[in-house]
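Q: Right, I'll just put the structure down here and ask away after.
The values are calculated or read from the model by the stated rules, or taken from the named source; none is laboratory data. Here the structure is a predicted model, which means the values were calculated and not measured. Here the Cβ is made from the backbone with ideal geometry for all residues, glycine too, and neighbour counts use every protein chain on show.
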Amino acid sequence: MSYLGDTDSEIADIIEKERLRQLNGLELIASENLVSRAVLEAMGSIMTNKYAEGYPGKRYYGGCEFHDMAENLARERLNSLFGSEHSNVQPHSGTQANMAVYFGCMNVRDPLLSMSLAQGGHLSHGSPVNFSGRLFNVTHYGVDLKTETLDYGVIEEIARKSRPKVIVCGASAYPRNIDFKAFQEIAEGVGARVVADIAHIAGLCATGVHQSPVNIVDFTTTTTHKTLRGPRGGAILCRKEDAQNIDKQVFPGMQGGPLMHIIAAKAVCFKEAQKPSFRDYNIQIVKNSKALAECLIENEIRLISGGTDNHLMLLDLSSLGLTGLEAEIALGKAGITVNKNTIPNEQRSPFVTSGLRIGTPTITTRGMKEQDMPIIGEWITTVLRDVNNNFEINRIKTEVTEFSKKFPLYPE
Ligand code: DSN
């Protein structure tokens, strides 16, 4: 960072402060992760200096020969990682990946069926404040309020009534496995196409730790920066027959110039994800998640659906008389970063909430294992039981800092 320090010491200082925050704290936000130095180098490279509108071999700018090589490598590696026929690595984000698929399958005001944001879905799955909710005629499914899990029979009924053109499956705050085959069967019964948004569980799907929707459903969308542990961005996987349509929707339909430094970094991420150690990493994410969940349950904290199958858990704070907002702030003071989250049957606003979402991808990247989870679970419980006890919170912050420093910020 020596050039940055000379040119702009203010931003250099801010970045250093953020590095220390990441090093000295426990990042338990389920959608975050830490990239390797190789991914960082590609992101910070001169590949950013180029317009490359179009696709490899068919660009609207000269001088793209090396960008073609990088994008082809990214596409080939992503296909080989997931066994997909076609991939598009240009979406700037998961939302834009979803947007491209929606526009490829629907016209404005067509019916869309998806999981509601309040029960675990995502903004881009038809939330009224998002483009997806404004442009399409959205019906939502949620979870069964008793089991707090997906009820495929009920989803099928809703699909029969609403006759969607597109069904979206995949979630941002769902701690259980998703049966993509069941969604495909429901869709076949009503003539809909299926988009599986695997942004959260992409690493688990790529490594067989969770069922992969690729080649089961029509379209798979993802971000590349969560359990996949790559640069911040999006991607789409589909069959050859849909390739041309999807590519057209991304460019020129929705985006102009692709972020070629990010595409180069995606290629690096997809190579890293093919290593056997990446499978071990994803297995460990789930082991850590289950171990942390077990500790919280032993401490009488209620988890939505009673536990977790994946990288995250959702805590119901109602019985502690706490809101998600209060819990997020108190844990933040202790150096433990989490996010407030709505829970099924939520009675509070999304800015307050009754729940907390906790995930293990980042701490697993840092090398923490099952035996470390009870330590973290005890800290979380102590803070949640007495959010106004600043003495305890300060004590825990010191312990969290000492503990966290022992684990490196960069994956091997
Ligand atoms: N907003 C992200 C999350 O935290 O789940 C998903 O895009």
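Q: In the range 109-126, which residues are crowded, with 23+ Cβ neighbours inside 10 Å, among the hydrophobic types (A, V, I, L, M, F, W, C) and more than 13 Å from the ligand (Cβ to nearest atom)?
A: Across the range 109-126, the qualifying residues are LEU112, LEU113.
Q: Continuing with this model, one more query. Which residues, counting only those in the range 188-234, are outside any strand (DSSP E or B), touching a Cys at 6+ places or on another chain (Cβ under 7 Å) and among the aliphatic types (A, V, I, L, M)?
A: ILE198, LEU228
Q: Only residues that are surrounded by fewer than 18 Cβ atoms within 10 Å (Cβ to Cβ), in a loop (DSSP other than H, G, I, E, B) and within 16 Å of the ligand (Cβ to nearest atom): list them for the range 127-145, please.
A: VAL129
Q: Could I ask something else about it? Would you point out which residue out of GLU148, GLU156 is among the acidic types (Asp, Glu) and assigned to a helix (DSSP H, G or I)?
A: Result: GLU156 is the single residue among GLU148, GLU156 that is among the acidic types (Asp, Glu) and assigned to a helix (DSSP H, G or I).
Q: Is there any pair linking a residue in the range 166-183 that is under 15 Å from VAL217 (Cβ atoms) to one that is acidic (Asp, Glu) and within 16 Å of the ligand (Cβ to nearest atom), with Cβ under 8 Å and at least six apart or on different chains, and which?
A: VAL168/ASP197; CYS169/ASP197; GLY170/ASP197; ALA171/ASP197
Q: Further question: Output the number of the condition that ILE375 fails; it satisfies all remaining conditions of (1) surrounded by 17 or more Cβ atoms within 10 Å (Cβ to Cβ); (2) free of Cβ contacts under 8 Å to residues at least 40 places away in the same chain.
A: Unmet condition: (1).
Q: What about MET106, is it within 13 Å of the ligand (Cβ to nearest atom) and touching a strand residue (DSSP E or B) at 6+ places or on another chain (Cβ under 8 Å)?
A: no
Q: Answer yes or no: is there a residue in the range 60-83 that is at pLDDT 95 or above and within 16 Å of the ligand (Cβ to nearest atom).
A: No.
Q: While we're on this one: Mind counting the residues in the range 15-63 that are touching a residue at least 40 places away in the same chain (Cβ under 8 Å) and either part of a strand (DSSP E or B) or among the hydroxyl-bearing types (Ser, Thr, Tyr) (or both)?
A: 9
Q: Continuing with this model, one more query. Would you list the helices (runs of 4 or more DSSP H) that sit entirely within the range 236-326 and hold 3 or more residues that are out of contact with any helix residue (DSSP H, G or I) (no Cβ under 9 Å at 6 or more places or on another chain) and at pLDDT 95 or above?
A: On the way: elements: 240-250, 260-273, 276-298.
Where helices (runs of 4 or more DSSP H) fall fully within the range 236-326 and carry at least 3 residues being out of contact with any helix residue (DSSP H, G or I) (no Cβ under 9 Å at 6 or more places or on another chain) and at pLDDT 95 or above, they are 240-250, 276-298.
Q: Exactly one of (1) among the basic types (Lys, Arg); (2) closer than 30 Å to THR337 by Cβ; (3) buried (at least 16 other Cβ atoms within 10 Å of the Cβ) is unmet by ARG21. Its number?
A: (3)
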